[in-house]
Amino acid sequence: MGSLTSTTRVRLPAGPHDAELDRTGELFGRLERRLHVALRAIDRGLPGAAADRNALKVAFCAEHRITARHYNSLLRALDGKHASVIEKARIDAADLEDRLAAVRKKIADAVRKLDKDAAARAGIAARAAAGKAPTRGQAKDRLNDKDRAALRRGLHGRRRKADRLEGKIARLRALTERRVPPLVFGSRKLLRSRPQDGTPDEVAAWLLRWREARSAQIFSVGSRDEPGGSQCCRPLWDGWADGTIGLRLRRLGPVPAGASPYIEITGIPLNKHASALLGPVRDLFAADGSTAISVRLVRTPAEEPVPAGMSRWEALITVEEAVPDAPHRAGARVLGVDVNADHLAWALLSPDGNRLKTGRIGLPLDGRGAEARRSLICEAASALVKVAVAGTAQIALEALDFTRKKRELSLRPESANRRRRLHALPYAAMLEAITRRAARAGVLVLRVNPAYTSVIGRVNLATRHGISTHRAAALAIGRRAQGHSERPHYPLARPEAPDPSLGAVQPRRHVWSQWVVVSREVSRLDAVARKSAGSRGEVAPGAGPFRGRRPASGRPRPTPSAPVTDWIPDFPTVPGQEPTGNTVIPTAGDTSPAVRSGLVRCGQDIVRNDYVS
């Protein structure tokens, strides 16, 4: 059995514990800020700082009269915030470096144009002194006064922009080298909204929101070796039969005289997910077992509504969930999945790589709130895993670096709508949801290299199977996970002629070297189609199935007598190539339309002969 770290969210009922939680949250936030200051002093080597973190732990616990487990909870919460700030700084620095490279390229282009203009002007002056007219190249390179002035102004502005970007990148890189980066407790957005010239009432209202934001969380770290899974906050199972649980929270800091050292919260209603997740944990504790239970209490902002009779506090309970092992099964079915901005395309493949079924799961995330988006993602992931379980298949996904993809799309001026949708796509959350639900169902998730999968599906599979390009990409992902051939069905990608100087044994090149050629040709033809549509005042076509030398987005091709979904165009035989041994050779008397068109039927699909050198 494997394990999976999972979190469930339950809302607490309203009661006298709300005031106690508010006071505990305020104290937790204040101690967290003080611990951050002490850790930052150690990181920067300031005078008066503790010798190391171990010495700081002893002194901090003694000064504020807290337990070591409370200190560990404070430190764990701070470490998460520090790691988040550092990771965001890395992403922002990489984004700015891409922008800086684009600005430098424009600067180099402008300098080159100005240099050509200066050389052309000098040449024209020299020829004019000799009584000669300027050459055609000089007349072409020479800029008029208006264009030259605009180019100089643009060059000056881009150089200033490059200097600003270099300064920002240097500051971000320095931030990533710190173990304890600077933090704004309460959110930078709220801090910037502080009224500068507001009335006393406006300032007081903002100050109230600021204090609530800085005291809205209480975290208790769990441990497997502690009774109940945690010393600071342990669950109470007395009301499990009624569909409720309780929490016993240990007070933070000194305990008032005559008060209990614990804050008990009972009658917390369980939703379906919480019952399914915490049920095995309860059974484990009933059998004298143990597991770590971490609890984070979060307070809902005052401007957001809460259900009647419920508290503003929610509990996020994190446990180790036992999941069945999912071993790799050779020769099994594979469900290839292509994640898109508005849907999931999937294709079910047999062990020999043939298409069994394809489908689409909608993902309408545009204009949705965070909770609605999370719910849609979970529903889509559950539906996808159900397809895999019904087909007894393993799931194949692309190992995409979507952060890099988003940065590349941000530099493309021609696809603003697509950039917006892809930036809004929580790709990591989608992969996480699919991985978690597949692990609970015992389905193995395979990760494959995403190189050229979309082009392979569009060129090799979309027209051949009569499916969309996204489903064809899912089919290509599944075939790659199974290790099947990816030879291009396109004449431009034929292997190069052998080089006699290399001897009898020729070095073999990867098949992706041929897909480089195909990808460039497809991109060129798509650009031609978009330009042609723009000149006619039409909407630029999308990327459709690639048929022969012209994509479907270009001029339509003559359709054969048979249905389009059963046909692909005939490709010419390349001289010097021989058919493979598994090619189906029709009989001489066969005069069917497929044979006359150079196509042969194999199973459920019409396929063409594959050639190798």
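The values are calculated or read from the model by the stated rules, or taken from the named source; none is laboratory data. These numbers come from a predicted model, not from an experiment. Positions of Cβ are generated from backbone atoms using ideal geometry, with glycine treated the same way; all protein chains shown enter the neighbour counts. Protein only, heavy atoms only, side chains kept; ligands, DNA and RNA dropped before computing areas. Shrake-Rupley method; radii C 1.70, N 1.55, O 1.52, S 1.80 Å.
Return the whole-Å distance between the Cα centroid of the range 1-40 and the Cα centroid of the range 220-235.
That distance is 14 Å.
Calculate what fraction, in whole %, of the accessible area of the range 263-319 sits on carbon and sulfur atoms when a 1.4 Å probe is rolled over the protein chains.
Numbers: 1560 of 2760 Å².
Carbon with sulfur: 56 percent of the solvent-accessible area.
Suppose every Lys and Arg Cβ carries +1 and every Asp and Glu Cβ carries -1, with no other charges. What dipole size does the range 296-375 come out with about its Cα centre, to the nearest 20 debye? Working shown, then result.
Values: 11 positive and 11 negative charges, 47 e Å.
Dipole of the range 296-375, to the nearest 20 debye: 220 debye.
For the range 188-203, what does the Karplus curve 6.51 cos²θ - 1.76 cosθ + 1.60, with θ = phi - 60°, yield as ³J(HN,Hα) per residue in whole Hz, taken in order and with x for Gly and Pro?
Taking θ as phi minus 60°, the curve returns 5, 4, 5, 5, 6, 7, 4, x, 7, 10, x, 6, x, 5, 5, 5 Hz for the range 188-203.
Determine the sum of side-chain charges near Gln138: Lys and Arg each +1, Asp and Glu each -1, restricted to other residues whose C-beta is under 9 angstrom from that of Gln138.
Every neighbour counted, the sum reads +4.
If DNA, RNA and ligands are ignored and the probe is 1.4 Å, what is the ranking of Glu264, Glu97, Glu486 by accessible area, most exposed first?
Details: Glu264 100, Glu97 75, Glu486 25 Å².
So, going from the largest accessible area down, we get Glu264, Glu97, Glu486.
Give, as a single signed number, the net charge of other residues whose beta carbon lies under 12 Å from the beta carbon of Leu151, with Lys and Arg counted +1 and Asp and Glu -1. Before the final figure, lay out each step's value.
On the way: positive: Lys106, Arg112, Lys113, Lys116, Lys146, Arg148, Arg152, Arg153, Arg158; negative: Asp109, Asp115, Asp117, Asp145, Asp147.
Charge balance in the 12 Å sphere: +4.
Quantify, in whole percent, the carbon and sulfur part of the accessible surface of the range 31-112 (1.4 Å probe; protein heavy atoms only). Write out the running numbers ahead of the final one.
Numbers: 2350 of 4420 Å².
Accessible surface attributable to carbon and sulfur in the range 31-112 totals 53 percent.
So how do Tyr427, Tyr262 rank on accessible area, 1.4 Å probe, biggest first, that is with the largest at the start? Present the calculation step by step, with values, prior to reporting the outcome.
Details: Tyr427 15, Tyr262 90 Å².
Largest to smallest exposure gives the sequence Tyr262, Tyr427.
Hey, what do the phi angles of the range 150-156 turn into as Karplus ³J(HN,Hα) couplings, whole Hz, using 6.51/-1.76/1.60 and θ = phi - 60°, x for Gly and Pro?
Once rounded to whole Hz, the list reads 5, 5, 5, 5, x, 5, 5.
Which lysines have a Cα lying under 28 Å from the Cα of Lys146, excluding residues fewer than 8 positions away in the same chain?
Those lysines meeting the cut-off are Lys105, Lys106, Lys113, Lys116, Lys132, Lys161.
What's the ranking of 301-308, 471-478 by average number of surrounding C-beta atoms within 10 Å, highest first?
Details: 301-308: 8.5, 471-478: 29.9.
Result, highest mean first: 471-478, 301-308.
What does the accessible area per residue of the range 244-335 come to in Å², with a 1.4 Å probe and no ligands, DNA or RNA counted? Write out the running numbers ahead of the final one.
Details: 4660 Å² over 92 residues.
Dividing the accessible area of the range 244-335 by its residue count gives 51 Å².
Taking H as built 1.01 Å from N, whose amide H comes closer than 5 Å to the amide H of Ile263, not counting residues under 5 places away?
Sorted by chain and number, the residues that satisfy this are Leu249, Arg250, Arg251.
Quick one: how many Å² of Leu46 are accessible to a 1.4 Å probe, rounded to 10?
80 Å²
What is the packing order of peptides 52-61, 188-197, 273-282, 210-219, taking the mean over residues of other C-beta atoms within 10 Å and listing the highest first?
Values: 52-61: 13.9, 188-197: 10.1, 273-282: 16.3, 210-219: 19.0.
In decreasing order of mean packing, 52-61, 188-197, 273-282, 210-219 become 210-219, 273-282, 52-61, 188-197.
Among the trypsin sites (Lys or Arg not before Pro) within the range 292-359, which fall in a DSSP loop and have no more than 15 other Cβ atoms within 10 Å of their own Cβ?
On the way: sites: Arg296, Arg299, Arg312, Arg329, Arg333, Arg355, Lys357; in loops: Arg329.
Counting only loop positions with at most 15 other Cβ atoms within 10 Å, the trypsin sites (Lys or Arg not before Pro) in the range 292-359 are Arg329.
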